[in-house]
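The values are calculated or read from the model by the stated rules, or taken from the named source; none is laboratory data. All values reported here derive from a predicted model rather than from experimental measurement. Cβ atoms come from the backbone with ideal geometry, glycine included; neighbour counts cover every protein chain shown. Ligands, DNA and RNA are stripped out before the accessible areas are found, and what is left, the full protein with its side chains, is counted by its heavy atoms. Shrake-Rupley method; radii C 1.70, N 1.55, O 1.52, S 1.80 Å.
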Amino acid sequence: MRGGFSLMELLVVVGILALLAAILMPVLLSARRGAQRTVCISNLRQVGLAARMYRDDYRELPPYLSAVRLYTGDPRVFVCPVDPLEGKHQARDTLGDSLRLEGDYYLPSGVSYTYVPNWAVARLLGWWEAGPPYGEGKWGELTPLSECHWHWARQFNPTWQTDRITGARGWVLILTLGGSVRRIRAETPPDAFTPERYY
Ligand SMILES: [Zn+2]
């Protein structure tokens, strides 16, 4: 009987550990992404709830983000855990794309989610019909209210738009006016995108 490990046995053990790490790493990363997505969906639902409370009080169009804020307890519900800038886009985005992400222009605590621009998109696509007495439109259950774009790129640049990205992969989370959070694949071409096709 000899004591200890031979060099070969040691190498085998090291090799197995390296292999295990290589197998586990993507699993752990994907679990982390899944957990972040769950937090984000919960955030969006709370934003939706706040928007609904606003609607119950004022019976009009979906409110501006700053009005929704008054109905939420915690300003962090506007910040996606994946967002590396924690919603502080306005201050740093110098490329004129700030319309897409409201950022701290509206809320000092930061905003990760795309908000108002979708109203324009919804109107453009006819999802949002003008209807008196509420001025610009009506409250449709599937009309997008807010979106999170932070889950479809490993490294996110706030000035990117989906149609400029080749090989974009992952989810875009969409809060509808009905308060549900739907999702679509980032790879879906924008012209194939209708509320009925969310899932
Ligand atoms: Zn998110």
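Remarks
- Any chance VAL47 is aliphatic (A, V, I, L, M), at pLDDT 85 or above, within 16 Å of the ligand (Cβ to nearest atom) and open to solvent by 30 Å² or more (accessible area, probe 1.4 Å): no
- Flag if ALA18 is more than 16 Å from the ligand (Cβ to nearest atom), small (Gly, Ala, Ser) and in a helix (DSSP H, G or I): yes
- Subset of segment 71-88 [within 10 Å of the ligand (Cβ to nearest atom) and either open to solvent by 20 Å² or more (accessible area, probe 1.4 Å) or polar (S, T, N, Q) (or both)]: VAL79, PRO81, VAL82
- Set SER6, SER42: member being without any contact (Cβ under 8 Å) to a residue 60 or more places away in the chain, of a type outside the set (A, V, I, L, M) and within 16 Å of the ligand (Cβ to nearest atom): SER42
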